[in-house]
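The values are calculated or read from the model by the stated rules, or taken from the named source; none is laboratory data. Computed from a prediction, not measured in an experiment: that's the story for all the values here. Please note: Cβ atoms are built from the backbone with ideal geometry, for glycine as well, and neighbour counts cover all protein chains shown.
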Amino acid sequence: MFLTAPLSNQRIVIEMATKPTGKPVGRPSNYSEEVIDKICERMINGEDLVAICLDETMPARSTVYKWMDERPELWTRLTRAREGLGDFVAWKILDMADKTTNDTANADRVKLAAWQWHAARLAPKRYSEKQMIEHTGADGGAIKTETAHKIDADQLEPEQRDVLKTIFMSALKTADK
């Protein structure tokens, strides 16, 4: 439409479009706790981050991911909000199952399977059918490994047995201290 207008009209249109209005233009790109609080609240109430970031008043997804890279605590907050979204989806699954009738059973089966898949991806520890096994040591720490060597004393020469006895006695004295 603008291309067919005379040059003088184009200038007027361009000038009107760029005239300052006093209102912020574009999406927010500066980090603020207020924006993050809104994102988390919307996620917990059932909105996916993709849908939230399609809202013109919210930052773009790339901006949110950049913020997460810069702030590890934000990653933790959004992960918790994502788990909250998983809880919402699980509730939605139960609600849909309760409302299923004989007439809607086949169509609802497909929807339920899709929502179950989605919930399992949002909060796998809670809603995934896949077993997750974590191997940890004492108090959740690293697994302690020890290497044991067996020495057959009958195969040693008497001098070697004496050296071995001296080493063991020294180790026992050190352990007792």
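Worth pointing out:
- The residue that is surrounded by the fewest Cβ atoms within 10 Å (Cβ to Cβ), among those in segment 27-45 that are part of a helix (DSSP H, G or I) and in contact with a helix residue (DSSP H, G or I) (Cβ under 7 Å, 6 or more places away or on another chain), is Ile44.
- Matching helices (runs of 4 or more DSSP H) fully within segment 46-164 where at least 2 residues are among the hydroxyl-bearing types (Ser, Thr, Tyr) and out of contact with any Cys (no Cβ under 9 Å at 6 or more places or on another chain): 72-99
- Taken as a whole, segment 121-135 holds no residue that is without any contact (Cβ under 8 Å) to a residue 24 or more places away in the chain, aliphatic (A, V, I, L, M), surrounded by 14 or more Cβ atoms within 10 Å (Cβ to Cβ) and more than 15 Å from Gly46 (Cα to Cα).
- Among the candidates Ala81, Ala90, Ala120, residue that is under 20 Å from the mean Cα position of the chain (by Cα), modelled with pLDDT under 90 and closer than 21 Å to Val50 by Cα: Ala120
- Sub-6 Å Cβ pairs linking a first residue in segment 144-171 that is surrounded by 10 or more Cβ atoms within 10 Å (Cβ to Cβ) to a second residue that is part of a helix (DSSP H, G or I), at least 6 apart or interchain, are Arg161/Ala153, ordered by first then second residue.
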